[in-house]
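The structure appears below as structure tokens.
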Amino acid sequence: MNLGIIGYGNIGELISKNIINHDFYNLNKLYIANRTLSKINHLKDTDPHISVTDDNTEVARNCEKI
């Protein structure tokens, strides 16, 4: 299953960090979208299962749950 998070504000950051810090390896991919890529670029270096983008439609196309 692919999971998507749109927005990396206060709530999006908390959700993302909890998913990353806990066992989310049953996910195929975690997509995180934000208008400002500089806020989320560091996440793609933490794990190869994380994909970052500034395009919300990419998240919607590729994820079962958003």
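Details
- Candidates are the residues of the range 11-35 that are touching a residue at least 24 places away in the same chain (Cβ under 8 Å) and assigned to a loop (DSSP other than H, G, I, E, B); the one that is surrounded by the most Cβ atoms within 10 Å (Cβ to Cβ) is 34.
- Single condition residue 29 does not satisfy, out of (1) at pLDDT below 95; (2) out of contact with any helix residue (DSSP H, G or I) (no Cβ under 8 Å at 6 or more places or on another chain); (3) within 16 Å of residue 1 (Cβ to Cβ): (2)
- Scanning the range 36-66 for residues that are surrounded by 13 or more Cβ atoms within 10 Å (Cβ to Cβ) and within 14 Å of residue 13 (Cβ to Cβ) yields 39, 40, 43, 50, 52.
- Only a single item in (1) in a loop (DSSP other than H, G, I, E, B); (2) out of contact with any Lys or Arg (no Cβ under 6 Å at 6 or more places or on another chain); (3) not polar (S, T, N, Q) is not met by residue 8, and it is number (2).
- Top-ranked residue in the range 33-66 [being β-branched (Val, Ile, Thr) and in contact with a helix residue (DSSP H, G or I) (Cβ under 6 Å, 6 or more places away or on another chain); ranked as modelled with the lowest pLDDT]: 50
The values are calculated or read from the model by the stated rules, or taken from the named source; none is laboratory data. Because the structure is predicted, anything quoted here is derived from the model rather than measured. Methodologically, a virtual Cβ is constructed for each residue, glycine included, from the backbone with ideal geometry; neighbour enumeration extends over all protein chains shown.
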